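Where a number appears in this text, it was derived from the coordinates with a stated rule and is not lab data. Every value quoted in this text rests on a predicted model; they were computed, and no experiment measured them. Cβ placement follows ideal geometry from the backbone for every residue including glycine, while neighbour counts extend to all protein chains displayed.
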Amino acid sequence: MRQSRRQTVARTAVPLTIPVALAALLAGSGTAVAATGGAPGAGDPYFPLSGNGGYHVEHYGLTLRYDTSTRHLDATAVLTARATQHLTRFDLDLKGLKVTGVSVGHTRAGFRRDGQELVVTPRRALHQGEQFRVTVTYQGTPKPVTDPDGSADGWIPTDDGAFVAGEPQGAMTWFPANSHPKDKSSYDITITVPQGRTAVSNGRLLSRRTAHGLTTFHWRQSEPMAAYLATATVGKFKVEQYTTRDGIRVYNAVDPREASAAAPVLKKLPSVLEWESKLFGPYPFRNAGSIVDKADVGYALETQSRPLYDSAPDLSTLVHENAHQWFGDSVSLTSWKDIWLNEGFATYAEWLYSEQHGGDSAQKTFDSLYARPASDGLWAFPPGNPGSGKNIFGTPVYARGAMTLHELRKAVGDPVFFRILRAWAGEHRGGHGTTAQFVRLAERESGKNLHPLFTSWLYTPGKPNSA
Ligand code: TRP
Ligand code: ZN
């Protein structure tokens, strides 16, 4: 309390540079105190405790040791972060596990657990703009979280390791994070597993060393990544590595029990990436690949630079997860409500792939969906406003989201439509995008008023009219 008052005084010394902050501080002494603790959430109405306020994580350095027989995880996380406000304390997201120590810089920090919040109080307050390093040591048996829709995500043990998929909330089951897609960071992930198991993560494999019956894999994801897209999947895998004609390094890890079913589909990865690059613009990362596990999870995930499948994927799924590399991974959400920007786009990529490879046209796919009666679940809610976290992976988000893009395509014509997709991926590459920004971009590229179309297809309950 005393410290925050002192900071308030210090700030008044430079009033001209921060008039808004100053006004807030002068509004009452309560405001000054509130402004010094980082918020426990990133402000997402669907997942209020996901992410945190008051700082941005620039880099995660995760060192994990996983014993596949006891399912015990022993880990250290070193976060390089920057304060976006004066901070006397801040939160990280971490669910379960036992924290054995937290330091800020070289100094031990105070910490307490409060549900999924790990509340850290550094010995001295951090000033706005200051870069700081947080080290958290922790251990235990990681368990998945159950999402509002009943599915499991996070660290999901398998018979030979773990399937690690963090969308939307699961990153906090295996590392302390600012776990909201608003915050993107680079990662170094080092995983030690029993010899004979493979640990696969995002980006590039920098090294692999075996000693004393343990193998350590060091992965680096240098392009910015949202926490939910990080993985550290462990299992017995057959590994294949090559470089595509475009210079993209591919690393595929496949559970041998899924290998024969996966092979013909994985063989198409370079041609799928090439096709998607023609449509959406250059592939956004230097690395690519696949993790084909055997797990009863019921979904695949677009883990950055290396999608994760719970069994051998079919070609559409491969197309879908790799389309997410542009839409969802490179261009990220700022709010889970905008999830159609991920799922509608990846689904529409499947329709386009089919259309351009001798299958049904997108129009035909659209028509067969549009024929569903008004009572069908497809029309249960509008995709731009799913209403809660329970609905973010519902049919309207995927199918009606893709139908929205098809309506846009019909309204503006093919050349403008594909220019819009490329402009979207290009202008927001490595960053974020909102639905409002997409609508504005589409209107700019087409010179048309598209508000009626998007209002009806994205935001109006019930079955919309089709042009
Ligand atoms: N985003 C995944 C996809 O490509 C789906 C997904 C991820 C999912 N996590 C989930 C679906 C949790 C249901 C529940 O479509
Ligand atoms: Zn998807």
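Computed on the Cα atoms alone, the convex hull of the stretch 96-161 gives a volume of 137 cubic angstrom per residue. Here's how it looks for MET225: its modeled amide H is under 5 Å from those of SER185, SER186, which are all 5 or more places away or on a different chain. For ASN52, neighbours were defined as the other residues whose beta-carbon sits under 9 Å from its Cβ, and their charges (Lys and Arg +1, Asp and Glu -1) total -4. Classify the stretch 129-185 as rounded, prolate or oblate, taking a ≥ b ≥ c as the square roots of the eigenvalues of its Cα gyration tensor: rounded when a/c is under 1.5, otherwise prolate if a/b is larger than b/c and oblate if not. Oblate, since a/c reaches 1.5 and b/c is not below a/b. Applying the Karplus relation 6.51 cos²θ - 1.76 cosθ + 1.60 with θ = phi - 60° to the stretch 96-108 yields 3J(HN,Hα) values of x, 6, 10, 8, 9, x, 9, 10, 10, x, 9, 10, 4 Hz, where x marks Gly and Pro. Each other residue within a Cβ distance under 13 Å of SER368 adds +1 if Lys or Arg and -1 if Asp or Glu, for a net charge of -1.
Label separation (ASP314 vs TYR459): 3.6 nm, computed from points 7 Å beyond Cα along the C-beta direction. Couplings for the stretch 160-165, taken from phi via the Karplus curve 6.51 cos²θ - 1.76 cosθ + 1.60 with θ = phi - 60°, read 10, x, 7, 9, 10, 9 Hz in order; Gly and Pro are left as x.
Each Cα pair under 8 Å and six or more residues apart adds its sequence gap; the mean of these over the residue count of the stretch 5-323 is a relative contact order of 13 percent.
For the stretch 251-269, the residues whose amide N sits under 13 Å from a probe point set 7 Å from the Cα of GLU240 along the beta carbon direction are 251-256, 258-269. Among TYR138, TYR55, TYR46, the order by Cβ neighbours within 10 angstrom, fewest to most, reads TYR46, TYR138, TYR55. Couplings 3J(HN,Hα) of the stretch 182-190, computed from phi: 4, 9, 10, 8, 8, 9, 10, 10, 10 Hz, in residue order, whole Hz [Karplus 6.51 cos²θ - 1.76 cosθ + 1.60, θ = phi - 60°; x for Gly and Pro]. Shape of the stretch 374-430 from the C-alpha gyration tensor: oblate (a/c of 1.5 or more and a/b not above b/c, with a ≥ b ≥ c the square roots of its eigenvalues). For the chain, a Kirkwood hydrodynamic radius built from all Cα pairs, placed in the Stokes-Einstein relation at 20 °C and 1.002 mPa s, yields a translational diffusion coefficient of 92 µm²/s. Sorting HIS72, HIS451, HIS106 from the fewest to the most surrounding beta carbons within 10 angstrom yields HIS106, HIS451, HIS72. Once backbone amide H atoms are built at 1.01 Å from N, THR158 has PHE163 as its partners under 5 Å, excluding neighbours fewer than 5 places away on the same chain. A simple charge model with +1 on the Cβ of Lys and Arg, -1 on the Cβ of Asp and Glu and nothing else charged puts the dipole of the chain at about 1640 debye relative to its Cα centre.
Report, in listed order, any pair from LYS238/LYS267; LYS143/LYS337; LYS236/LYS294 with a Cα-Cα distance greater than 19 Å. Violating the 19 Å Cα-Cα cut-off are LYS143/LYS337.
Projecting label points 7 angstrom from Cα along Cα→Cβ for ARG419 and ARG113 puts them 5.6 nm apart.
Of the residues THR215, THR365, THR231, the one with the fewest other Cβ atoms within 10 Å heads the list, and the complete ranking is THR215, THR365, THR231. Taking each DSSP H run with n ≥ 4 as -39500 (n - 2.57) and averaging over every residue of the chain yields -7500 deg cm²/dmol at 222 nm.
Count neighbours as other Cβ atoms within 10 Å of each site's Cβ, and list the trypsin sites (Lys or Arg not before Pro) in the stretch 381-451 that are DSSP loop with at most 16 such neighbours. Answer in residue order: ARG429, LYS448. Translational diffusion coefficient of the stretch 332-459 (Stokes-Einstein, Kirkwood radius from Cα pairs, 4 °C, 1.567 mPa s): 87 µm²/s.
For the stretch 332-459, the dipole from Cβ point charges (+1 on Lys and Arg, -1 on Asp and Glu) about the Cα centre works out to 260 debye, to the nearest 20. Placing a pseudo-label 7 Å from each Cα along the Cα-to-Cβ vector at ALA259 and ARG82 gives an inter-label distance of 4.6 nm. Backbone amide hydrogens, once placed in the peptide plane, bring SER179 within less than 5 Å of GLY51, ASN52, ASP93, excluding anything fewer than 5 places away on its chain. Note on the stretch 401-458 and the stretch 360-394: Cα centroid distance 18 Å, given to the nearest whole angstrom.
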